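Q: Let me give you the structure first, and then I'll get to my questions.
The values are calculated or read from the model by the stated rules, or taken from the named source; none is laboratory data. As the structure is a prediction and not an experimental result, all values here were calculated from the model. Please note: Cβ atoms are built from the backbone with ideal geometry, for glycine as well, and neighbour counts cover all protein chains shown. With ligands, DNA and RNA removed, areas are computed over all heavy atoms of the protein, side chains included. Shrake-Rupley method; radii C 1.70, N 1.55, O 1.52, S 1.80 Å.
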Amino acid sequence: MIKILNELVNNRQILLIGIWYGLPITIILIILFFIKSSRDERGQAIIGKASIISMIVFIFLVNFFAKISDCIPINYDTVAFCVQWIYDIVLTVEVVAILIYKRIQ
């Protein structure tokens, strides 16, 4: 398991996929923050609920990274990979949660 994880975090192609995935998901989140329906009280409540969920995911992922850093050698590629994918996953959770809450309410 650790060997597979080590090969995964040192793969440059997966890092580049994460970099290119992060760009549109960031733009989508910024758009969701600034559309007119997000500026009223209901929109702010939706963003607040989604942010709480994404913060929980962030805390979990950072703790997971801290735990695996004992088992794998840390270099620039490893840190860049982990930070980029933590960012991507947290933003994806935020966008999905906003869309789900908007659909529910």
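Q: Does Arg12 count as closer than 19 Å to Gln105 by Cβ, of a type outside the set (Val, Ile, Thr), open to solvent by 50 Å² or more (accessible area, probe 1.4 Å) and out of contact with any Gly (no Cβ under 9 Å at 6 or more places or on another chain)?
A: In short, no.
Q: For a quick check of your reading of the model, give me the residue pairs whose first member lies in segment 1-21 and is within 16 Å of Ile86 (Cβ to Cβ), whose second is small (Gly, Ala, Ser), with beta-carbon atoms closer than 8 Å and at least 6 apart or on different chains.
A: Every condition considered, the pairs that remain are Leu15/Ala80.
Q: Quick check, is Ile72 in contact with a Ser or Thr (Cβ under 9 Å, 6 or more places away or on another chain), farther than 22 Å from Leu29 by Cβ and among the hydrophobic types (A, V, I, L, M, F, W, C)?
A: yes
Q: Can you find a residue that is open to solvent by 40 Å² or more (accessible area, probe 1.4 Å), closer than 20 Å to Ile17 by Cβ and assigned to a loop (DSSP other than H, G, I, E, B) anywhere in segment 85-100?
A: Checked segment 85-100: no residue is open to solvent by 40 Å² or more (accessible area, probe 1.4 Å), closer than 20 Å to Ile17 by Cβ and assigned to a loop (DSSP other than H, G, I, E, B).
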